[in-house]
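Asks: Take this structure first; my questions come after.
The values are calculated or read from the model by the stated rules, or taken from the named source; none is laboratory data. These numbers were taken from a predicted model, which means no experiment stands behind them. As a convention, Cβ positions derive from the backbone with ideal geometry for all residues, glycine included, and neighbour counts pool all protein chains shown. Keep in mind that these areas ignore ligands, DNA and RNA; they rest on the heavy atoms of the full protein, side chains included. Shrake-Rupley method; radii C 1.70, N 1.55, O 1.52, S 1.80 Å.
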Amino acid sequence: MDFKNKTAVITGGAQGIGRCIAEEFKKAGANVCIIDKQAGTHFVGDIADKQVLERFAAEVITKYGHVDFLINNALPLMKGIDDCTYEEFQYAMSVGVTAPFYLSKLFAPHLAEGAAIVNISSSRDRMSQPQTESYTAAKGGIAALTHALAISLAGKARVNSISPGWIDTAYTVYDGPDAIQQPAGRVGNPMDIANMVLFLCSDKAGFITGENICIDGGMTRQMIYHGDNGWTLKA
């Protein structure tokens, strides 16, 4: 895909899935603007801070004048009901929901024709493990925020979200139960997500908006009963 002279903004773009997305945009010719807490040559800051978001947005617009793609990818805190404090839960919401909303608001007047926003949710927006409330609530929030923004920004930007399942950011190749428990037969890697992000930002996805696309190897579609296909429940 050719994104020459396009401007892509990526939160949490210094590592993991975000880094892969950033690298793929660069390969396609885009100008890439990253914000991440991790030190580096990108804009360093905590997106839970309103003033940090405002400074970052101003820097992007000053440098490039417009935004073509906004990828809200930064990872919220994962803690459960037993240990998560009020403040930690609020922080998870700030990173996972408030920052994507506010960046969308800040960049809205500067969105180029054909702009796209892609929010990275999680398959946990529809299923859970114990003690994951802060992360799960944030991911559910950004999934819902997606279709709200798609309606409010209709005619200005297409807005979609992606819900990754198990993605190994080290590109580890698994075998045995870890692999075969997934209908696709393997664990995912960051390229599985980056490929979809670039597709959703391309003209090829011009009729797609307000959607949440789950990329989880089929795990959330697999019904599990004790005794079926080798599955057993240990009470």
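Asks: Computed from the mean reciprocal separation of all distinct C-alpha pairs, what Kirkwood hydrodynamic radius does the range 99-162 have, in Å?
Replies: The Cα-based Kirkwood calculation yields 12.4 Å.
Asks: Still on this structure, I have one more. Given the options ASP178, ASP168, ASP192, state which has the largest fluctuation in a GNM of the chain using a 10 Å cut-off (strictly under) for Cα springs.
Replies: Judging by the Gaussian network model, the answer is ASP178.
Asks: Kindly flag which residue pairs out of LYS37/LYS139; LYS4/LYS139; LYS4/LYS79; LYS26/LYS139; LYS26/LYS204 have an alpha-carbon separation exceeding 29 Å in this structure.
Replies: LYS4/LYS139; LYS4/LYS79, as the Cα separations exceed 29 Å there.
Asks: Rg and Dmax of the range 20-160, Cα atoms, in Å?
Replies: 15.4, 46
Asks: Write out the trypsin sites (Lys or Arg not before Pro) in the range 1-87 meeting two conditions: DSSP loop, and at most 13 other Cβ atoms within 10 Å of their Cβ.
Replies: Here the trypsin sites (Lys or Arg not before Pro) that fit, given the DSSP loop and packing criteria, are LYS4.
Asks: Report, as a whole number in µm² per second, the diffusion coefficient that Stokes-Einstein gives for the range 132-175 at 10 °C and 1.306 mPa s using the Kirkwood radius over alpha carbon pairs.
Replies: 125 µm²/s
Asks: When a/c reaches 1.5 or more, the comparison of a/b and b/c decides; with that in mind, is the range 56-122 rounded, prolate or oblate per its Cα gyration tensor?
Replies: prolate
Asks: Here's another thing I want to ask about it. Averaged per residue, what accessible area in Å² does the chain show with a 1.4 Å probe, protein chains only? Write down the numbers at each step before the final one.
Replies: Numbers: 12270 Å² over 235 residues.
Roughly 52 Å² per residue, with all protein chains present.
Asks: Moving on to the next point. Straight-line reach from LYS105: which aspartates and glutamates fall under 13 Å, measuring Cα to Cα and dropping same-chain residues less than 8 apart?
Replies: GLU54
Asks: Want the number for ILE81 to GLN222: 0.36 nm per residue separation, take away the alpha-carbon distance, what's left?
Replies: Length gained, ILE81 through GLN222: 48.0 nm.
Asks: Right, something else. When a/c reaches 1.5 or more, the comparison of a/b and b/c decides; with that in mind, is the chain rounded, prolate or oblate per its Cα gyration tensor?
Replies: Because a/c hits 1.5 or more and a/b exceeds b/c, the chain counts as prolate.
Asks: What distance in nm separates the two pseudo spin-label positions at GLU23 and TRP166, each 7 Å out from Cα along the beta-carbon direction?
Replies: 2.3 nm
Asks: Given the rule -39500 (n - 2.57) for each run of at least 4 DSSP H residues, summed and divided by the residues of the chain, what is its mean residue ellipticity at 222 nm, to the nearest 500 deg cm²/dmol?
Replies: -10500 deg cm²/dmol
Asks: Carbon and sulfur atoms: what percent of the 1.4 Å accessible area of the range 58-193 do they account for?
Replies: Carbon and sulfur: 57 percent of the exposed surface of the range 58-193.
Asks: In Å, what Rg and Dmax follow from the Cα atoms of the range 157-235?
Replies: Values for the range 157-235 (Cα only, Rg and Dmax): 15.6, 50 Å.
Asks: Once label points are set 7 Å from the Cα along Cα→Cβ at both GLU88 and ASP175, what is their separation, rounded to one decimal in nm?
Replies: Spacing of the two 7 Å Cα→Cβ label points: 3.8 nm.
Asks: In terms of Cα to Cα distance under 18 Å, which aspartates and glutamates are near enough to LYS50, apart from those fewer than 8 places away along the same chain?
Replies: ASP36, GLU59, GLU87, GLU88
Asks: Run the numbers for SER202 and SER152: contour at 0.36 nm per residue of separation, minus the present Cα-Cα distance, in nm.
Replies: Values: separation 50, 0.36 × 50 = 18.00 nm, distance 2.04 nm.
Additional length available on full extension: 16.0 nm.
Asks: Quick one: which residues, 5 or more positions from CYS214 or on another chain, have an amide H under 5 Å from its amide H? H modelled 1.01 Å from N in the peptide plane, none for Pro or chain starts.
Replies: Answer set, sorted by chain and number: SER163.
Asks: Here's something else I'd like to know. What helices does the chain hold that run 24 Å or longer along their axis, going by alpha-carbon atoms, with a Kyte-Doolittle average of -0.5 or more, using DSSP H for the helix calls?
Replies: 133-152
Asks: Rolling a 1.4 angstrom probe over the protein chains, ignoring ligands and nucleic acids, what is the accessible area of MET1 in square angstrom, nearest 10?
Replies: Probe radius 1.4 Å; accessible area of MET1 about 110 Å².
Asks: Next question. Could you order TRP231, TRP166 by accessible surface area, starting with the largest, using a probe radius of 1.4 Å?
Replies: TRP166, TRP231
Asks: Want the number for TYR102 to GLN38: 0.36 nm per residue separation, take away the alpha-carbon distance, what's left? Show your work: numbers first, answer last.
Replies: Working: separation 64, 0.36 × 64 = 23.04 nm, distance 2.09 nm.
Contour length minus Cα-Cα distance gives 20.9 nm.
Asks: Take the Cβ-Cβ distance between ASP46 and GLU113 as r, set R0 to 35 Å, and report the resulting FRET efficiency rounded to the nearest 0.05.
Replies: 0.65
Asks: Rounded to the nearest 0.05, what FRET efficiency do ARG126 and ASN5 give with R0 = 30 Å and r taken as the Cβ-Cβ distance? Could you check?
Replies: Efficiency computed from Cβ-Cβ geometry: 0.20.
Asks: Of the residues GLY155, GLY176, GLY141, which exhibits the maximal mean-square fluctuation in a Gaussian network model of the chain defined by a 10 Å Cα contact cut-off?
Replies: GLY176
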